[in-house]
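The structure under discussion appears below in the form of structure tokens.
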Amino acid sequence: MRVTAIYFGKGSNYEPIARPAAHAMVKDAIRFEQFTPPLRKMLTAFVEAEKPDYVVSSHQPRIVDGKPTKNPRYLQNRPDLEDPRSVYLAVLGARFYRRLPLDAPVPMPVNSVLAGRRNNPPDEAAGIRALAVYGPIHYQELPELFMDFISSLTGKSPSTTGAGSEGALTKGPFNAILPIHDVNAALVSFLLTNYHGFTSAAGHIGRKYRVDHDISLLVPEVWSRMFIPEREPEYLIEKGYLEKIGNFEHRGKLIEASRLGYRITETFVTTFFGRMFSAADTVFTADMLRPELQSMEDFIDGLDNIIETQRTVALNYFKDGSIDLACPPLKALLHLMAYGEFEGKTLTDPAIRALFTRESLIASDWYQARLDAKASVDQALWKRHVTYLETFLIKPNYESELKRLKIQDRLVKAKSVLEKVSSPAHRASLIGMIGTDPALI
């Protein structure tokens with residue numbers, strides 16, 4: 001048994017242990033010896049001290065409604081410390097491959113990010129609708145991806161009171177600015193970096209298969225065995241590794257399944273999962289790759305759930321007036337989410353799709369305004385620095401501090417930086433950067 005512990009604090013999912021209970025744990029010699037030395041030391045110190053009032057141990061999850069929570073926060077041992085040889089060999093291999101000298105750092109760039117997406121089957125008793133419409137891996141182009149991001153619809157989770165929207169990119173109560181500013185910045189970042197919107201399934205796939213986080217943990221292993229060109233959506237679509245999900249009609253109703261983007265096919269599984277498994281075609285069944293085969297009713301209700309939530313969330317941007325602060329692509333997207341059209345155009349209109357390209361972003365007046373705002377912020381910052389240092393220089397009785405803190409040297413440097421950020425060259429250097437939302441200055 002290997003157990004670690006942390007002191008009790010806000011956000012912990014462990015049961016607070018009072019001093020008498022901790023004292024009994026320490027006195028239970030046989031079981032106490034099963035804890036790691038750091039934990040034994042901490043519990044002993046806690047029992048002998050007067051404060052704090054509580055301690056937690058990771059072997060005792062919080063009790064909720066008389067039962068241990070289903071969502072304990074497990075503490076993981078650091079694999080780089082437990083197996084330093086493997087880390088050393090990995091770094092050395094990267095050094096040799098890149099032909100880097102021994103005194104040069106070995107950067108480990110992150111070139112793929114696959115977000116997790118929690119799904120759940122319907123739970124009629126709890127009033128939770130279906131949301132298990134996604135296969136193991138999906139790809140969405142930016143309009144569809146940001147529809148999901150803006151609504152942030154999550155499935156049922158042990159760590160939450162239920163399913164539903166969690167707001168745009170963040171938890172609303174902890175955000176000091178309007179969500180539209182975060183979404184604006186996120187879209188600019190995605191466009192500039194040509195980010196690919198791949199997501200993996202967690203929780204459930206359809207109503208039949210509970211997968212928890214197994215696929216989320218499996219996908220990095222698969223992705224690391226794919227060559228970088230093989231990770232490009234265009235390549236995967238052209239070769240039949242991804243299939244586009246189209247709208248369809250069911251019982252006289254149009255089902256907007258295209259919101260789901262693309263999903264992996266049997267060819268993807270046999271090719272890329274085949275680099276890990278000897279019988280890759282058995283990893284996912286046909287109805288895991290296409291959840292509608294499990295239950296068309298659940299699939300349609302899940303899609304309705306997504307579209308209705310996207311509409312509800314988008315309308316909030318109109319109610320609070322922040323739609324006026326949205327950059328043009330997001331303004332169009334919010335109209336499409338809320339009303340189904342923007343200036344007479346639908347989501348599939350080429351003019352709408354063209355808004356979500358890097359070339360369109362760079363050429364746009366609104367992006368240039370973000371760079372102008374960034375240049376203005378940089379200049380204002382360094383003007384404040386110069387003013388502060390000049391004021392400090394003329395303060396009486398600070399002669400010794402001026403020399404010790406090298407204020408004069410700092411002032412010279414601040415003036416030099418101010419001159420630099422005020423130049424046209426600095427403004428030109430900002431192209432390709434995220435800039436600053438003009439509404440925030």
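Each value in this text was obtained by applying a stated rule to the coordinates, not by laboratory testing. Because the structure is a prediction, the values reported are computed rather than measured. A quick note on method: Cβ atoms are made from the backbone with ideal geometry, for glycine too, and the neighbour counts reach across all protein chains shown.
Rank these for me by crowding, Ile17, Ile237, going from fewest to most other beta carbons within 10 Å.
On the way: Ile17 21, Ile237 14.
By the 10 Å Cβ count, ascending: Ile237, Ile17.
Can you list the aspartates and glutamates whose alpha carbon is less than 12 Å from that of Lys420, not counting same-chain residues fewer than 8 positions off?
Qualifying aspartates and glutamates at Cα under 12 Å: Asp378.
Please report the antiparallel percentage of the DSSP beta bridges confined to the chain, to the nearest 5.
Values: 24 of 28 bridges.
Percent antiparallel among DSSP bridges in the chain is about 85.
If you find the alpha carbon centre of region 346-375 and of region 249-266, how far apart are they in angstrom?
Measuring centre to centre over Cα atoms gives 28 Å.
Taking the Cα centroid of region 376-441 and of region 283-312, what is the distance between the two, rounded to the nearest whole Å?
55
Would you compute, from DSSP H runs of 4+ residues alone, the mean residue ellipticity of the chain at 222 nm, taking -39500 (n - 2.57) per run and dividing by the full residue count, rounded to the nearest 500? If you can, show how the numbers build up before the last one.
Numbers: 19 runs with 200 residues, N = 441.
Result for the chain, helices only: -13500 deg cm²/dmol.
Under a Cβ-only charge scheme (Lys and Arg +1, Asp and Glu -1), can you give me the dipole magnitude of region 115-360 about the Cα centre, in debye to the nearest 20? Let's see the in-between values first.
Details: 24 positive and 32 negative charges, 57 e Å.
It comes to approximately 280 debye.
Hey, any idea what the orientation-averaged projected area of the convex hull of the chain's Cα atoms comes to, in nm²? Please report the intermediate quantities before stating the final value.
Values: hull surface 127.3 nm².
Averaged projected hull area, Cα only: 31.8 nm².
Round to the nearest 0.05 the FRET efficiency obtained for Ile63 and Glu33 when R0 = 22 Å and r is the Cβ-Cβ distance. Write out the running numbers ahead of the final one.
Details: r = 25 Å, r/R0 = 1.15.
My answer for the efficiency is 0.30.
Would you mind checking the pairs Lys319/Lys345; Lys70/Lys244; Lys70/Lys331; Lys244/Lys319; Lys331/Lys374; Lys345/Lys374 and listing those with alpha carbons more than 29 angstrom apart? Mind showing how you got there, number by number?
Details: Lys319/Lys345 22 Å; Lys70/Lys244 36 Å; Lys70/Lys331 40 Å; Lys244/Lys319 34 Å; Lys331/Lys374 22 Å; Lys345/Lys374 33 Å.
From the list (Lys319/Lys345; Lys70/Lys244; Lys70/Lys331; Lys244/Lys319; Lys331/Lys374; Lys345/Lys374), the Cα-Cα distance tops 29 Å for Lys70/Lys244; Lys70/Lys331; Lys244/Lys319; Lys345/Lys374.
Would you please put 134-140, 113-119 in order of how densely packed they are, using the mean number of other Cβ atoms within 10 angstrom per residue and starting with the highest?
Details: 134-140: 24.9, 113-119: 18.3.
In decreasing order of mean packing, 134-140, 113-119 become 134-140, 113-119.
Points 7 angstrom from Cα along the Cβ direction at Lys239 and Arg95: gap in nanometres?
3.3
Can you compute the FRET efficiency between Phe227 and Lys415 using 1/(1 + (r/R0)^6), with r the Cβ-Cβ distance and R0 = 45 Å? Round to the nearest 0.05.
0.35
Between Asn247 and Asp83, what is the FRET efficiency for a Förster distance of 56 Å, r being their Cβ-Cβ separation, to the nearest 0.05?
Values: r = 49 Å, r/R0 = 0.88.
Efficiency computed from Cβ-Cβ geometry: 0.70.
In whole percent, what relative contact order does region 220-354 give with Cα contacts below 8 Å and a gap of six or more residues? Could you put the intermediate results ahead of the total?
Details: 112 pairs, mean separation 18.2, N = 135.
With pairs under 8 Å counted, the relative contact order is 14 percent.
Once the convex hull of the alpha carbons of region 304-400 is built, what does its volume come to per residue, in cubic angstrom?
On the way: hull volume 17.3 nm³, N = 97.
Dividing the Cα hull volume of region 304-400 by its residues yields 178 Å³.
Using 7 Å Cα-to-Cβ label points, what is the Gln408/Asp53 separation (nm, one decimal)?
If labels sit at Gln408 and Asp53, their model points lie 5.8 nm apart.
In region 272-370, what GluC sites (Glu not before Pro) fall in a loop by DSSP, with at most 11 other Cβ atoms inside 10 Å? Write out the running numbers ahead of the final one.
Details: sites: Glu292, Glu297, Glu308, Glu341, Glu343, Glu359; in loops: Glu341, Glu343.
Here the GluC sites (Glu not before Pro) that fit, given the DSSP loop and packing criteria, are Glu343.
Applying a 10 Å radius around every beta-carbon, put 203-210, 363-370 in order of their mean neighbour count, most first.
Values: 203-210: 21.1, 363-370: 15.4.
Per-residue mean Cβ counts within 10 Å order the peptides as 203-210, 363-370.
Give me the one-decimal Kirkwood hydrodynamic radius in Å for region 364-440, with the sum taken over alpha-carbon pairs. Show your work: numbers first, answer last.
Values: mean 1/r = 0.0717 Å⁻¹.
13.9 Å is the Kirkwood radius here.
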